[in-house]
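The next block holds one structure in the form of structure tokens; read it before the comments.
The values are calculated or read from the model by the stated rules, or taken from the named source; none is laboratory data. Given the structure is predicted, the values throughout are model-derived calculations rather than measurements. Quick reminder, even Gly has a Cβ in these numbers, built from the backbone with ideal geometry, and neighbours come from all protein chains shown. Just so you know, the surface numbers come from the protein's heavy atoms only, side chains and all, with ligands and any DNA or RNA stripped out. Shrake-Rupley method; radii C 1.70, N 1.55, O 1.52, S 1.80 Å.
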Amino acid sequence: MTDDTADSKASNAMWGGRFAAGPDAIMEAINASIGFDQRLYAQDIRGSRAHAAMLAAQGIISDRDAEAIGEGLITVLSEIEAGGFPFSAALEDIHMNVEARLKEIIGEPAGRLHTARSRNDQVATDFRLWVREQCDAAISGLDALIRAALIRAEEGADWVMPGFTHLQTAQPVTFGHHMMAYVEMFARDKSRFEDARKRMNECPLGAAALAGTGFPIDRHATAEALGFDRPMANSLDAVSDRDFALEFLSASSICAVHLSRLAEELVIWSSAQFRFVAMSDKWSTGSSIMPQKRNPDAAELIRAKIGRILGASVALFTVMKGLPLAYSKDMQEDKEQVFDAADNLMLALAAMAGMIGDMTVNADKLEAAASGGFSTATDLADWLVREAGLPFRDAHHVTGSLVAMAEEKGCDLPDLSLAEMQAVHGAITESVFDVLGVHNSVASRQSYGGTAPDQVRAQIARWKDLLG
């Protein structure tokens with residue numbers, strides 16, 4: 001064995017058995033992005049067709065070449081969609097894979113496609129188009145979820161249930177009011193995606209590598225052809241900006257938090273200890289050993305999605321935090337996390353809408369739970385302020401004493417006699433019982449945004465009008 005052979009074997013051992021060709025293979029593996037950015041094929045081909053049409057309109061390439069490019073790109077698109085396209089890691093990315101295949105199909109005109117552009121502005125355009133589509137998908141998914149929640153809210157506008165703080169019974173609310181809280185949350189999520197979409201709707205194409213181009217291109221034409229409001233105004237910013245992806249991930253993370261909170265409540269509510277709701281077989285699984293079990297697996301998996309989505313957000317913020325202008329290869333790491341976050345968000349939105357629409361709500365269990373835990377104690381304190389003229393702190397103390405009495409007797413506040421109440425404070429009258437029932441309690445909460453059924457119905461009507 002020669003020294004060169006020994007060195008080669010040592011080198012391969014150092015690089016690891018995964019890479020038979022040593023450093024060159026490792027460089028190809030770390031440099032290539034086709035394994036994930038092939039997902040941008042439709043956006044890449046759409047951007048290239050718009051670019052070629054603009055080049056022809058500006059007289060930069062001939063109409064004949066532009067026509068050949070356009071038709072060739074349609075052929076490439078059909079091949080990819082048919083599933084037989086031979087993606088090559090040696091060609092690094094989706095842009096080079098498409099262009100190489102285009103050259104095989106139409107020959108020399110393919111080489112003119114890349115006039116007046118760079119892969120820097122090309123990928124920025126492709127990725128922005130893809131993220132814009134994901135914003136639209138998220139908006140649509142949230143719209144469906146909001147509508148599902150509105151249906152359940154209207155159904156349960158009169159159903160009383162315990163409202164919780166610290167997961168302890170606090171005051172009675174209605175099931176409709178509880179569902180409308182999530183309508184408000186998901187509506188804010190929807191507005192965040194709408195807002196982000198407006199900001200990202202500027203076109204990087206034509207910025208070229210970083211400084212623009214000397215060719216007489218028409219960036220407004222390509223922006224319009226791709227559905228953007230305008231071209232980006234600074235070529236350095238155009239190729240280096242990933243704010244649009246960060247905004248999408250930020251909005252996705254907040255939305256995933258809301259989905260996770262609702263999922264957690266569904267897990268709790270469907271437990272044997274609560275039985276507030278029952279999940280349909282579509283969204284539950286059984287146990288391999290315990291035949292009585294119906295596990296809310298879909299809700300639990302939604303609850304877990306926040307980890308992946310928030311992780312994607314942190315990853316991309318970390319990639320971008322120290323990059324000088326303009327493009328750096330670090331930015332190749334901008335896509336996988338966004339792809340994964342988008343996939344998981346859309347899946348979670350669809351699953352949650354399905355669960356909310358299919359679940360069975362046990363109104364009797366809700367009311368029974370609402371009637372326990374001294375949930376009308378605040379109503380009693382408010383009555384003492386309003387009717388007996390006590391300062392609230394004194395009323396709070398009197399109510400606490402009555403709760404302690406009821407607790408000792410093993411009953412709830414409405415079960416105490418008037419005499420027992422008057423023994424604590426003589427100003428209490430028979431009319432106090434009007435506020436101690438849970439239905440009376442929720443009906444009294446007439447402030448704007450309160451839990452009173454007519455207030456809940458007013459909010460439902462408002463959202464129906466807004467959604468159209």
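From E224, E154, which residue is under 27 Å from the mean Cα position of the chain (by Cα) and open to solvent by 50 Å² or more (accessible area, probe 1.4 Å)?
Only one candidate passes the filter, namely E154.
Kindly list, by first and then second residue, each pair from a residue in segment 427-442 that is aromatic (F, W, Y) to a residue that is surrounded by fewer than 20 Cβ atoms within 10 Å (Cβ to Cβ), limited to pairs with Cβ atoms under 9 Å and residues at least 6 apart or on different chains.
F433/P414; F433/L418; F433/N440
Tally the residues that are open to solvent by less than 10 Å² (accessible area, probe 1.4 Å) and out of contact with any Leu (no Cβ under 8 Å at 6 or more places or on another chain), restricting the search to segment 125-146.
Residues in segment 125-146 being open to solvent by less than 10 Å² (accessible area, probe 1.4 Å) and out of contact with any Leu (no Cβ under 8 Å at 6 or more places or on another chain): 3 in total.
Would you mind finding the one in A207, A233, A223 that is on the phi < 0 side of the Ramachandran plot and outside the structural domain of M320 (by the TED database)? Can you show your working first?
On the way: A207 fails: outside the structural domain of M320 (by the TED database); A233 fails: outside the structural domain of M320 (by the TED database).
Result of the check over A207, A233, A223: A223.
Taking into account only those residues within segment 164-193 that are in contact with a Gly (Cβ under 7 Å, 6 or more places away or on another chain) and among the polar types (S, T, N, Q), which is surrounded by the fewest Cβ atoms within 10 Å (Cβ to Cβ)? Don't jump to the end; show me each part of the working.
Step one: filter segment 164-193 for residues in contact with a Gly (Cβ under 7 Å, 6 or more places away or on another chain), giving 169-176, 179.
Retained after the next criterion (residues that are among the polar types (S, T, N, Q)): 169, 171, 174.
Values: T169: 19, Q171: 21, T174: 29.
Within segment 164-193, the match that is surrounded by the fewest Cβ atoms within 10 Å (Cβ to Cβ) is T169.
How about segment 409-468: which helices (runs of 4 or more DSSP H) wholly inside it have at least 2 residues that are farther than 17 Å from D382 by Cβ? Before the answer, list the steps.
Details: elements: 418-424, 433-436, 438-444, 453-467.
Once the helices (runs of 4 or more DSSP H) in segment 409-468 are filtered for at least 2 residues that are farther than 17 Å from D382 by Cβ, what remains is 418-424, 453-467.
On the basis of being under 20 Å from L55 (Cα atoms), among the small types (G, A, S) and not assigned by the TED database to the domain that holds L55, does A149 make the cut? Walk me through it before giving the result.
On the way: under 20 Å from L55 (Cα atoms): no; among the small types (G, A, S): yes; not assigned by the TED database to the domain that holds L55: yes.
Spelling it out, it is not the case that A149 is under 20 Å from L55 (Cα atoms), among the small types (G, A, S) and not assigned by the TED database to the domain that holds L55.
Here are L323, L349: which of them is touching a residue at least 24 places away in the same chain (Cβ under 8 Å) and within 29 Å of M180 (Cβ to Cβ)? Steps first, please.
Details: L323 fails: within 29 Å of M180 (Cβ to Cβ).
Among L323, L349, only L349 is touching a residue at least 24 places away in the same chain (Cβ under 8 Å) and within 29 Å of M180 (Cβ to Cβ).
May I ask you to say which residue of E104, E99, E71, E79 is modelled with pLDDT of 95 or more and over 40 Å from the mean Cα position of the chain (by Cα)? Before the answer, list the steps.
On the way: E99 fails: over 40 Å from the mean Cα position of the chain (by Cα); E71 fails: over 40 Å from the mean Cα position of the chain (by Cα); E79 fails: over 40 Å from the mean Cα position of the chain (by Cα).
Residue meeting the stated conditions: E104.
Tally up the residues in segment 320-338 that are farther than 18 Å from A209 by Cβ and either surrounded by fewer than 17 Cβ atoms within 10 Å (Cβ to Cβ) or of a type in the set (D, E) (or both), please.
Of segment 320-338, the ones farther than 18 Å from A209 by Cβ are 320-322, 333, 335-338.
Pick out the ones that are also either surrounded by fewer than 17 Cβ atoms within 10 Å (Cβ to Cβ) or of a type in the set (D, E) (or both) and you get 321-322, 333, 336.
So the count comes out to 4.
Condition (residue is assigned to a helix (DSSP H, G or I), within 30 Å of G307 (Cα to Cα) and not β-branched (V, I, T)) applied to segment 358-380: is it met by at least one residue? Steps first, answer last, please.
First, the residues of segment 358-380 that are assigned to a helix (DSSP H, G or I): 358, 363-370, 377-380.
This time we only want the ones that are within 30 Å of G307 (Cα to Cα), so: 358.
If we keep only those that are not β-branched (V, I, T) too, we end up with 358.
Yes: segment 358-380 contains one or more residues that are assigned to a helix (DSSP H, G or I), within 30 Å of G307 (Cα to Cα) and not β-branched (V, I, T).
For segment 100-115, name all the residues that are within 27 Å of S235 (Cα to Cα) and surrounded by 21 or more Cβ atoms within 10 Å (Cβ to Cβ).
Passing the criteria: A110, L113.
Which one of Q273, Q332 is farther than 18 Å from A350 by Cβ and without any contact (Cβ under 8 Å) to a residue 60 or more places away in the chain?
Values: Q332 fails: without any contact (Cβ under 8 Å) to a residue 60 or more places away in the chain.
Only one candidate passes the filter, namely Q273.
Being modelled with pLDDT of 95 or more and not in a helix (DSSP H, G or I) is the filter; apply it to segment 236-274 and report the residue that is least open to solvent (accessible area, probe 1.4 Å).
This residue is R242.
Tell me the residue from R117, R147 that is touching a Ser or Thr at 6+ places or on another chain (Cβ under 9 Å) and either over 19 Å from D37 (Cβ atoms) or outside any helix (DSSP H, G or I) (or both), please. Steps first, answer last, please.
Details: R147 fails: touching a Ser or Thr at 6+ places or on another chain (Cβ under 9 Å).
The conditions single out R117.
As an exercise: evaluate A423 against (1) under 44 Å from the mean Cα position of the chain (by Cα); (2) hydrophobic (A, V, I, L, M, F, W, C); (3) open to solvent by 70 Å² or more (accessible area, probe 1.4 Å) and give the number of the one condition it does not meet.
Evaluating A423 over (1) under 44 Å from the mean Cα position of the chain (by Cα); (2) hydrophobic (A, V, I, L, M, F, W, C); (3) open to solvent by 70 Å² or more (accessible area, probe 1.4 Å) leaves (1) as the failure.
Go through E79, E92 for me and flag whichever is without any contact (Cβ under 8 Å) to a residue 24 or more places away in the chain and either outside the structural domain of A207 (by the TED database) or open to solvent by 30 Å² or more (accessible area, probe 1.4 Å) (or both). Write out each step before concluding.
Values: E92 fails: without any contact (Cβ under 8 Å) to a residue 24 or more places away in the chain.
Testing whether each residue is without any contact (Cβ under 8 Å) to a residue 24 or more places away in the chain and either outside the structural domain of A207 (by the TED database) or open to solvent by 30 Å² or more (accessible area, probe 1.4 Å) (or both) leaves just E79.
Kindly provide the set of residues from segment 323-342 that are outside any loop (DSSP other than H, G, I, E, B) and at pLDDT 90 or above, ordered by number. Steps first, please.
Within segment 323-342, the subset outside any loop (DSSP other than H, G, I, E, B) is 329-334, 336-342.
Selection gives D334, E336, Q337, V338, F339, D340, A341, A342.
Output the residues belonging to segment 379-429 that are closer than 24 Å to T169 by Cα and among the polar types (S, T, N, Q).
The answer is T399, S401, S417.
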